[in-house]
Amino acid sequence: MTRYRYYTAASLDGFLADEHDSLAWLFVQEQDDPAHHDTFMTGIGATVMGATTYGWLVDHLADTGEPWPYEIPCFVFTHRTWEPLAESVRFVSGTPGGHRSAIEVAAAGRDVWVVGGGGLAADLADAGMLDEAEVSIAPVTLGSGRPLLPGRFDLRLRAAERNGAFLVATYDVLGRPTTW
Ligand SMILES: NC(=O)c1ccc[n+]([C@@H]2O[C@H](COP(=O)([O-])OP(=O)(O)OC[C@H]3O[C@@H](n4cnc5c(N)ncnc54)[C@H](OP(=O)(O)O)[C@@H]3O)[C@@H](O)[C@H]2O)c1
């Protein structure tokens, strides 16, 4: 069964990026398992992301001259009109649940990487489309920025390990709390 996996890095105080969408604080961190991402990707059949994240990637690839990195289908949630960077990129809008079957058909039995941002991840969780969150927590605080998962959610810690400077914490997403 396809699982929706929010796989991301965040600051210790729960931000994906600073208020200018900068990840400079992230790229200076050391990893001792650089293959961690490649290992994760072997189980992934499709990706889902929001427009700000896609825009960041568009700018980053333009700066570096690198090609679009993924052959698997990518669903970008947006109200805007974009030039797709690859044939595998699809632009969608509306509730995540309305795209669930298309996303799962595209994933072809493998899992879905929820890339971010946090608002989209929260909307997916509310639609029952967020099974786990694997967060590489960097040893920095940002004070403000783009939140990891806005709103109140209940999660259960399933695993914790170290990757260089990062604490890699994997949680099952349980949903909205009912007792607190
Ligand atoms: N630390 C990490 O590993 C990591 C991972 C992922 C992202 N990031 C960064 O974190 C930041 C995330 O930014 P963000 O939280 O603002 O979020 P985002 O999810 O990337 O983008 C939010 C935007 O997506 C569009 N959108 C979201 N849901 C939609 C829906 N249901 N229908 C149509 N459009 C929808 C809207 O844009 P429009 O209405 O303008 O189209 C919305 O303003 C970015 O800077 C990104 O680069 C970091």
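The orientation-averaged shadow of the Cα convex hull for the chain, equal to a quarter of the hull surface, comes to 10.6 nm². Taking GluC sites (Glu not before Pro) in DSSP loop states with no more than 15 other Cβ atoms inside 10 Å as exposed sites, the chain has its longest site-free stretch at 88-180. Note on residue 61 and residue 108: the model spin-label points, each 7 Å out from Cα along the C-beta direction, lie 1.9 nm apart.
Expressed to the nearest 5 percent, the antiparallel share of DSSP beta bridges inside the stretch 4-175 is 45 percent. Annotation: extensible slack from residue 156 through residue 19 equals 46.5 nm (criterion: 0.36 nm per residue apart, minus Cα-Cα distance). The modelled label-to-label distance between residue 174 and residue 81, using points 7 Å beyond Cα along the C-beta direction, is 4.7 nm.
Of all accessible surface on the chain at a 1.4 Å probe, what whole percent is carbon and sulfur? Kindly include the intermediate steps, with their values, before the conclusion.
Values: 4980 of 9490 Å².
On the chain, the fraction of accessible area on carbon and sulfur atoms equals 52 percent.
Measuring only protein heavy atoms, the 1.4 Å probe finds residue 20 accessible over about 140 Å².
In a DSSP loop and with at most 14 other Cβ atoms within 10 Å, the trypsin sites (Lys or Arg not before Pro) in the stretch 101-180 are 152.
Rounded if a/c is under 1.5, else prolate if a/b is larger than b/c, else oblate: which is the stretch 37-107, with a ≥ b ≥ c the root eigenvalues of its Cα gyration tensor? Please report the intermediate quantities before stating the final value.
Working: a/c = 2.09, a/b = 1.16, b/c = 1.80.
Oblate, since a/c reaches 1.5 and b/c is not below a/b.
I want the local charge near residue 173. Using Cβ-Cβ distances under 15 Å, sum +1 for each Lys or Arg and -1 for each Asp or Glu among the other residues. So the surrounding residues net to -2.
The values are calculated or read from the model by the stated rules, or taken from the named source; none is laboratory data. The model shown is predicted, which means the values in this text are computed figures rather than measured ones. Cβ sites come from the backbone with ideal geometry, for glycine too, and all protein chains shown count toward neighbours. These area figures cover heavy atoms from the full protein model, side chains too; ligands, DNA and RNA do not enter into them. Shrake-Rupley method; radii C 1.70, N 1.55, O 1.52, S 1.80 Å.
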